[in-house]
1. For the range 145-186, give me each residue that is under 15 Å from the mean Cα position of the chain (by Cα), free of Cβ contacts under 8 Å to residues at least 40 places away in the same chain and closer than 19 Å to residue 133 by Cβ.
2. Considering only residues that are hydrophobic (A, V, I, L, M, F, W, C) and either within 15 Å of residue 79 (Cα to Cα) or open to solvent by 30 Å² or more (accessible area, probe 1.4 Å) (or both), which ones fall in the range 126-143?
3. So, in the range 62-74, of the ones that are surrounded by fewer than 24 Cβ atoms within 10 Å (Cβ to Cβ) and not charged (D, E, K, R), which residue ends up modelled with the lowest pLDDT?
4. Pairs please, first residue from the range 190-218 and at negative phi and touching a residue at least 60 places away in the same chain (Cβ under 8 Å), second anywhere and outside any helix (DSSP H, G or I) and of a type in the set (S, T, N, Q), Cβ atoms under 8 Å, 6+ apart in sequence or on different chains.
5. Quick test for you: out of 181, 194, 190, 108, pick the one residue that is buried (at least 17 other Cβ atoms within 10 Å of the Cβ) and either part of a loop (DSSP other than H, G, I, E, B) or charged (D, E, K, R) (or both).
6. Conditions first: (1) in contact with a strand residue (DSSP E or B) (Cβ under 7 Å, 6 or more places away or on another chain); (2) modelled with pLDDT of 95 or more. Residue 10 passes all but one, so which condition is the exception?
7. Does residue 161 meet the test of being farther than 18 Å from residue 114 by Cβ and open to solvent by less than 20 Å² (accessible area, probe 1.4 Å)?
8. Can you give me the number of residues within the range 42-56 that are closer than 16 Å to residue 126 by Cα, among the hydrophobic types (A, V, I, L, M, F, W, C) and either open to solvent by 20 Å² or more (accessible area, probe 1.4 Å) or touching a Gly at 6+ places or on another chain (Cβ under 6 Å) (or both)?
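The values are calculated or read from the model by the stated rules, or taken from the named source; none is laboratory data. Nothing here was measured: the structure is a model prediction, and the numbers come from that model. Neighbour counts are summed over all protein chains in view; Cβ atoms, including those assigned to glycine, are modelled from backbone coordinates with ideal geometry. Quick note on the areas: whole protein, heavy atoms, side chains included, nothing else; ligands and nucleic acids left out. Shrake-Rupley method; radii C 1.70, N 1.55, O 1.52, S 1.80 Å.
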Amino acid sequence: MTAGAGERVAVGGRSVSVSVHGDGETAVVLAHGAGGNRRAPLLVAMAGGLAAAGHRVVLMNFPYTEDGRRVPDPPALLEAAVDAVATWAERTLGARRVVLGGKSMGGRMASQLVAKGRPAAGLVFLGYPLHPPGQVGKMRDAHLGAIAPPMLFVQGTRDAFARWDLLEAVVARLPRATLHRVEDGDHSFRVLKRTGRTAAEVEAGILSAITGWIPAAG
């Protein structure tokens, strides 16, 4: 399929838009964060890099994004959208393996879906929202132990949504989880200027971590 080609996938009585990048037996379905959409620069960069590495990537919107709303849909609908796109990748694109995940909320919804039994070859989290900023008492990790497939957490050490020591402790309890550290990165993987690293260099490191991990999800 042509890189970036637009398609629509039914979700109940509605539909969401997706873009397909590259080819391959493994389809990596990535959903966006609460304030973004499937055209978010980070997701587009990851799609291009993974496609060049021989993988098929599906970037998806959620229903509320299609409606032009800012407030996310209820979790059940968000999870249903991820499930519908994953099923579409399997049945329409012929993907033999599907890796689910995404940026922040998108990855969290994928994890909740898989914890409830949705099959997946693996999960990749681009900034997992472990807790709301400054509210470490509201942890969002209770379901992660129910996930059987391998997981890759890509996280910045300055991420306000995941205090680093808490995230390390969570990942240490998950036997099939890998943690990729983005030194000095925030929730959007922006790094401090004093590091001397460019956004392109940070993205290249993230892409390398994902491409190196994907065989474990096979």
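1. 153, 155, 156
2. Across the range 126-143, the qualifying residues are 136, 139, 142.
3. The residue in question is 68.
4. 213/178; 214/26; 216/178; 217/26; 218/26
5. Being buried (at least 17 other Cβ atoms within 10 Å of the Cβ) and either part of a loop (DSSP other than H, G, I, E, B) or charged (D, E, K, R) (or both) holds for just one of 181, 194, 190, 108, which is 108.
6. Unmet for residue 10, out of (1) in contact with a strand residue (DSSP E or B) (Cβ under 7 Å, 6 or more places away or on another chain); (2) modelled with pLDDT of 95 or more: (1).
7. No, not satisfied.
8. So the answer is 3.
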